[in-house]
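What follows draws every value from the coordinates through simple rules; no lab data is involved. Predicted model, so just to flag it, every value in this text is computed and none were measured. Cβ: placed from backbone, ideal geometry, glycine included. Neighbour counts: every protein chain shown.
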Amino acid sequence: MATIKYLLQSETNNAPIYLRLSLGRNKLFKRKTGLSIDYRNWSRTTGLPKQNDELNKSLAIKLRNLESFVLSELNESNSKGIDINGDWLIKTINQHFDRSEVTNLNYLIEYGEYFIENIQYRVSEKGTKGVSVSTKRKYRTIVNKLISFENFKKTKILLTDVDLKFRNELIKYLSIEDKLGDNTIGRYLKFVKSICLDAQKNGQKLNDQLRHFKGYTVKAPKVFLSLDELGKIKNANFTNENHEIARDWLIIGFYTGQRVSDLLRMTNEFIQTIQDFNFIVLEQVKTGKIVQIPIHYEVKVILDKRNGMFPPVYVENIDSNKALFNRYLKQLCEIAKIDSVVEGNCFNKETKRNENGMFEKYKLVSSHICRRSFSTNFYGNPKYPTPLLMNITAHSTEKMFLDYIGKKPIDYSLELARIWAKENLKTNKEPRLHVIKNVSNN
């Protein structure tokens, strides 16, 4: 049975009122009604305005009339076999209030919601349909940030409002209020521009300054573990089982080069035998790419120690598991005295943000160090050509791979110089035979 409930998502004096339509079986759609109220005049008990003055009484009547209209249209649409989704709901709400859908999509938030709802139908330049779950989640995050920003400004943002002034205000808000790092903010700006450009493709007008609206990247220090440091961790004595588990996952991550989202879900079911070699075969959560990782002998040692099984996880919840792994990883690195002082970004508990400086390495360690250590330690070794490493990490281009580990293409020239120097040294050491002419004494 269909049910409708109204709710607020912010505590402001002009909080938007949302309509939530539940159709059962996990079919839930929520959209703005276009109406707003001071949150202090909202009753959480009834899900309607408090009946404390004529304005709120009138607003309650409007919401009840909207509910009746939506339910009536729902029955009509169901009888015609029309698909009920978020688009249907916003169209029905606009129809009730005699609004134009195009006018509604003139707003940044509304278009952002429309963009997310239809992102599964997008076709990339390569001709592939849809996007990964992680990409959709990223756009969901940025639209939520924009909703918070709009509530902070206490004004609705049109697509034509997205100019350089808006960019500066958004950067300031995300930095000061949300305490986000520079690279995160720079990435969010790119997502905002992508949403706006999609709106332009669909006939919406944009601000001329959008062409100058750009994201950015601030180069962060690349922190990784060396083979010697990994050896110290392997030989350290841990009395806490959680540290033992974290060490085993670290070693596996060091020799598989995968993100923590893929690393911590590995099980022996991922192991396949191909032409007498054992591989870990998985589909990456972030990219959707299939990777086949040969099982390194260090990984085999861990699996053999655990009767062919991967280490256990700490908890079933994925995000909680990642957080615990990060915590124990820092602790075990401190115990193993991974304390060389290096440049990095460390979280300051007082300011609640990452700050750049010189720190003992164990303070900078996180789960991502597994993947970066794999890439950095094996890069530049003639035994491991870069394309082989990229096949494991699933970087799309060599430039992306080199940026990831903080290397420049000049390193290839240096490697060639070393090879030629060795060849030259070898040539000079080889004995040379000289033909001596036999001169007769006449």
Could you give me the percent of Cα pairs per 10 Å distance bin for the stretch 227-405, shortest bin first, beginning at zero and ending with the bin that holds the maximum distance?
9, 36, 38, 16, 2, 0
Arranged by the count of other C-beta atoms within 10 angstrom, fewest first, what order do 1, 390, 309 take?
1, 309, 390
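So between residue 54 and residue 296, what do we pick up on full extension, going 0.36 nm a residue minus the alpha carbon distance? Please list the in-between numbers first.
Working: separation 242, 0.36 × 242 = 87.12 nm, distance 7.37 nm.
Extra length available between residue 54 and residue 296 comes to 79.7 nm.
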How far apart, in nm, are two points set 7 Å out from the Cα along the Cα-to-Cβ line at residue 169 and at residue 7?
2.9
Rg/Rh for the stretch 1-56, where both radii come from Cα atoms and Rh is the Kirkwood radius:
1.02
Between helix 164-176 and the chain, what is the angle of the helix's C-alpha long axis to the longest principal axis, kept within 0 to 90° and rounded to the nearest 10?
70
In degrees rounded to 10, the 0-90 angle between helix 318-335 Cα long axis and the longest Cα principal axis of the chain is 40
Which pairs break 31 Å Cα to Cα here: 165/407; 193/352; 222/322; 399/422; 172/337?
165/407; 172/337
How many nm is it between the label spots at residue 201 and residue 227, if each spot is 7 Å from the Cα in line with the beta carbon?
4.7
Could you give the length gained on full extension between residue 153 and residue 309, defined as 0.36 nm per residue of separation minus the Cα-Cα distance, in nm?
50.8 nm
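What is the Cα convex hull volume of the chain when expressed per residue in Å³?
Working: hull volume 124.1 nm³, N = 442.
Cα-based convex hull of the chain, divided per residue, equals 281 Å³.
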For the chain, what does the relative contact order come out to in percent, with C-alpha contacts under 8 Å and a separation of six or more?
10
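If I stretch the segment between residue 356 and residue 161 completely, what's the gain in nm (0.36 nm per residue apart, minus their alpha carbon distance), one decimal?
Numbers: separation 195, 0.36 × 195 = 70.20 nm, distance 3.37 nm.
Between residue 356 and residue 161, full extension yields 66.8 nm more.
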In percent, how large is the relative contact order of the stretch 227-405, given Cα pairs closer than 8 Å and 6 or more residues apart?
25
Tell me the label-point distance for the pair residue 122, residue 87, using the 7 Å Cα-to-Cβ offset, in nm and rounded to one decimal.
1.6
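For the stretch 60-168, what does the relative contact order come out to in percent, with C-alpha contacts under 8 Å and a separation of six or more? Intermediate values should be presented prior to the final figure.
Details: 56 pairs, mean separation 22.8, N = 109.
Relative contact order here is 21 percent.
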As an exercise, use a Förster radius of 56 Å and the Cβ-Cβ distance of residue 274 and residue 178 to find the FRET efficiency, rounded to the nearest 0.05.
0.75
P(r) of the stretch 29-86 over all Cα-Cα pairs, 5 Å bins starting at 0, rounded to whole percent, reads 4, 16, 22, 22, 13, 10, 8, 4, 0
Return the Cα extents of the stretch 1-141 along principal axes one, two and three, sorted largest first, each rounded to a whole Å.
58, 37, 30
For the stretch 143-183, which chymotrypsin sites (Phe, Trp or Tyr not before Pro) are both in a DSSP coil and crowded by at most 16 other Cβ atoms within 10 Å?
none
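Suppose only helical runs count, i.e. DSSP H with n ≥ 4. What mean residue ellipticity at 222 nm does that imply for the chain under -39500 (n - 2.57) per run, divided by all residues and rounded to the nearest 500 deg cm²/dmol?
Working: 16 runs with 206 residues, N = 442.
One gets -14500 deg cm²/dmol as the mean residue ellipticity at 222 nm.
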If R0 is 22 Å, what FRET efficiency do you get for residue 30 and residue 69 from their C-beta distance, rounded to 0.05?
0.80
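Sort 223, 301 so the one with the fewest other Cβ atoms within 10 Å of its own Cβ comes first.
Working: 223 21, 301 13.
In order of increasing Cβ crowding within 10 Å: 301, 223.
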